[in-house]
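Here the structure is laid out as structure tokens; the discussion comes afterwards.
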Amino acid sequence: MSRARADEEEYWHSSKFRAFTFDDEDDELSQLKESKRAVNSLRDIVDDDDDDLERVSWSGEPVGSISWSIKETASGSTSSLEGRDSSLQKGSSSYAALPKQVSSYSLSSLFKGRNKLPSFQSLSDALTDTGVKNYAPELRRPKAEYKDYSSDWSPKDTVRRMQRGKVCSLERFRSLQDKLVLLDEAVAGHDGNVITAVLIFLKRTLRREILFRELEVRQVALCHLIHFLKETGEQKLLLDLLRFLDRTEEVALSQYREHLNIQDVEKRREFLKGCIGLPFSAEDTSHIQDHYTLLERQIIIEANDRHLEMAGQSEIFRKYPRKASILNMPLVTTLFYSCFYHYTEAEGTFSSPTNLKKTFKIPDKQYVLTALAARAKLRAWNDVDALLTTKNWLGYTKKKAPIGFHRVVEMLQRNNAPVQVLQEYVRLVEDVETRLNLATKYKCHDVVIETYRDLKDRIQLTAYKCKVERGSAEEEKINSILNNMVRSAY
């Protein structure tokens with residue numbers, strides 16, 4: 001046994017290659033460098049012409065195979081590391097055991113990433129082999145050689161990394177020129193998230209005057225910043241930017257939006273009153289005036305109705321208690337509320353529907369639709385009839401629906417109107433096909449029978465006879481019409 005050990009040592013020392021060992025220096029960095037040089041020296045072993053000769057080690061495995069190389073490297077490293085401190089042992093890599101077989105991989109393919117022979121398996125395939133974990137130790141980069149490569153990124157490279165979702169710092173761009181180039185590259189990349197990220201960086205690192213001046217000639221970035229400030233609610237910076245750009249109407253609109261943040265109704269009313277004098281366009285000025293007037297009316301109506309409801313002096317409030325306050329509601333909602341609770345009031349009162357229509361110039365179509373919905377919900381069919389009845393200059397009355405009688409029928413049916421009421425308005429639908437569809441859908445038998453009679457359609461009358469109850473008045477009516485058709489034919 002001792003002789004075999006001596007032969008082994010003699011064979012090793014007689015080789016023209018020397019095994020790498022760690023020096024006795026205490027510096028961990030120098031030890032890692034020595035380990036790196038030793039691993040690199042393995043390439044010389046692989047490229048040697050003697051590699052083509054099969055040599056056998058003491059373990060019986062071919063010299064040059066992966067399993068032999070790793071075992072020899074591991075044994076050499078283990079023997080040389082004995083006696084070292086624990087910190088060096090902690091930094092060394094561990095090796096995974098490989099299956100004990102003759103391998104077709106060479107060390108050149110292991111360290112250089114190529115095959116020794118065309119028929120051999122590639123290194124990428126070898127790494128994905130389920131039976132193999134690691135082939136060689138991983139060498140950490142020495143701390144002294146560590147370098148922050150992010151400092152070498154150009155603005156274009158930085159933008160590309162950001163587009164791929166990589167984390168990167170923008171703090172290295174210190175000069176104004178570098179920051180502007182970075183912004184231009186972000187805009188050229190057509191990625192909104194990257195543009196916004198760069199704008200946030202510029203907003204934080206540049207004075208407002210410089211930022212506004214540079215964005216004035218970069219409209220894409222400017223639009224991104226304005227949208228970002230609106231979304232985040234940075235109202236002061238947004239107003240400063242719009243004033244710098246001399247966009248007076250946008251400044252006024254941005255100030256007007258502040259009323260949404262005012263909860264107290266009296267303070268909101270005063271704020272809206274102050275907004276009337278802002279530099280809006282003529283159309284927007286009219287809207288702001290209407291908003292202020294509407295809120296003023298709502299305050300008056302709410303105070304009176306709350307008093308009536310609490311006192312129990314109004315029958316409609318007792319029968320239909322209010323579910324919500326009218327304050328800050330839209331104009332259409334206010335009109336519906338007024339038609340529901342104050343339909344019969346005189347025009348001189350603020351809560352009168354006709355007063356609201358006149359004050360805010362509500363179109364007839366919108367007024368009829370809203371009032372019809374309110375009165376139908378109360379099942380006030382007489383009010384519905386009066387709403388749709390008009391009188392001409394000769395005194396003759398006529399039914400008229402600006403929204404179309406087919407919509408009137410659908411709205412009445414949703415509010416469970418009786419068949420007699422539905423039939424009256426189904427008859428007024430001008431289109432014959434629509435009238436038949438509605439009459440059939442809502443079982444307005446008289447309308448269906450009368451329509452087929454006017455069309456002199458005996459076949460449809462006969463078919464519809466099967467859909468009514470036997471012995472009913474509708475069946476008798478159909479029989480009478482059919483008999484008259486037969487007599488008139490002769």
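A count restricted to the stretch 412-421 and to residues that are part of a helix (DSSP H, G or I), without any contact (Cβ under 8 Å) to a residue 40 or more places away in the chain and surrounded by fewer than 20 Cβ atoms within 10 Å (Cβ to Cβ) stands at 4. Name every residue in the stretch 315-336 that is more than 26 Å from Ile288 (Cβ to Cβ) and surrounded by 14 or more Cβ atoms within 10 Å (Cβ to Cβ), in order of residue number. Answer for the stretch 315-336, where residues must be more than 26 Å from Ile288 (Cβ to Cβ) and surrounded by 14 or more Cβ atoms within 10 Å (Cβ to Cβ): Ile316, Phe317, Arg322. Screening Glu171 on (1) free of Cβ contacts under 8 Å to residues at least 12 places away in the same chain; (2) of a type outside the set (Lys, Arg); (3) assigned to a helix (DSSP H, G or I) shows it passes everything except condition (3). Residues in the stretch 457-472 that are closer than 24 Å to Val429 by Cα and surrounded by 11 or more Cβ atoms within 10 Å (Cβ to Cβ): Asp457, Arg458, Gln460, Leu461, Thr462, Ala463, Tyr464, Lys465, Lys467, Val468. Answer yes or no: is there a residue in the stretch 404-419 that is closer than 30 Å to Asn484 by Cα and over 41 Å from the mean Cα position of the chain (by Cα). Looking through the stretch 404-419, at least one residue is closer than 30 Å to Asn484 by Cα and over 41 Å from the mean Cα position of the chain (by Cα). Being assigned by the TED database to the domain that holds Pro402, loosely packed, with under 12 Cβ neighbours inside 10 Å and within 24 Å of Gln413 (Cβ to Cβ) is a property that Glu424 lacks.
Residue pairs whose Cβ atoms lie under 9 Å apart, separated by 6 or more positions or on different chains, with the first residue in the stretch 205-233 and closer than 15 Å to Asp184 by Cβ and among the charged types (D, E, K, R) and the second outside any helix (DSSP H, G or I) and at pLDDT below 95, are Glu214/Leu206; Glu216/Leu245. Scanning the stretch 337-372 for residues that are open to solvent by 30 Å² or more (accessible area, probe 1.4 Å), farther than 19 Å from Arg297 by Cα and not in a loop (DSSP other than H, G, I, E, B) yields Asp364, Lys365, Gln366, Leu369. Output the residues belonging to the stretch 206-226 that are over 31 Å from the mean Cα position of the chain (by Cα) and assigned to a helix (DSSP H, G or I). Residues satisfying the conditions are Glu209, Ile210, Arg213. For the stretch 479-490, state whether one or more residues are part of a helix (DSSP H, G or I) and under 29 Å from Asn416 (Cβ atoms). Checked the stretch 479-490: no residue is part of a helix (DSSP H, G or I) and under 29 Å from Asn416 (Cβ atoms). Could you say whether any residue in the stretch 233-247 is of a type in the set (A, V, I, L, M), closer than 30 Å to Tyr341 by Cα and surrounded by 18 or more Cβ atoms within 10 Å (Cβ to Cβ)? No, the stretch 233-247 contains no residue that is of a type in the set (A, V, I, L, M), closer than 30 Å to Tyr341 by Cα and surrounded by 18 or more Cβ atoms within 10 Å (Cβ to Cβ). Screening Glu450 on (1) within 23 Å of Pro418 (Cβ to Cβ); (2) open to solvent by less than 30 Å² (accessible area, probe 1.4 Å) shows it passes everything except condition (2). Within the stretch 269-287, does at least one residue satisfy the condition of being at pLDDT below 90, open to solvent by 50 Å² or more (accessible area, probe 1.4 Å) and not small (Gly, Ala, Ser)? So far as the stretch 269-287 goes, yes, one or more of its residues are at pLDDT below 90, open to solvent by 50 Å² or more (accessible area, probe 1.4 Å) and not small (Gly, Ala, Ser). Among the residues of the stretch 290-303, are any at pLDDT 90 or above and within 27 Å of Leu225 (Cβ to Cβ)? No. Residue-level check: of (1) under 25 Å from Val409 (Cβ atoms); (2) modelled with pLDDT of 95 or more, Thr334 misses just (1). Taken together, Thr451, Thr390 contain a single residue that is at pLDDT 90 or above, hydroxyl-bearing (Ser, Thr, Tyr) and not in a loop (DSSP other than H, G, I, E, B), which is Thr451. Across the stretch 381-398, a minimum of one residue is classified as touching a residue at least 40 places away in the same chain (Cβ under 8 Å), surrounded by 15 or more Cβ atoms within 10 Å (Cβ to Cβ) and of a type outside the set (Gly, Ala, Ser). Looking across the stretch 155-181 at every residue that is of a type in the set (Val, Ile, Thr) and surrounded by 18 or more Cβ atoms within 10 Å (Cβ to Cβ), the one that is farthest from Thr196 (Cα to Cα) is identified as Thr158. Of the residues Tyr341, Tyr367, the single one that is touching a residue at least 24 places away in the same chain (Cβ under 8 Å) and in the same structural domain as Glu266 (by the TED database) is Tyr341.
The values are calculated or read from the model by the stated rules, or taken from the named source; none is laboratory data. Predicted model, so just to flag it, every value in this text is computed and none were measured. Backbone-built Cβ (ideal geometry, glycine too); neighbour counts: all protein chains shown. The accessibility values were calculated without ligands, DNA or RNA, using every heavy atom of the protein model including side chains. Shrake-Rupley method; radii C 1.70, N 1.55, O 1.52, S 1.80 Å.
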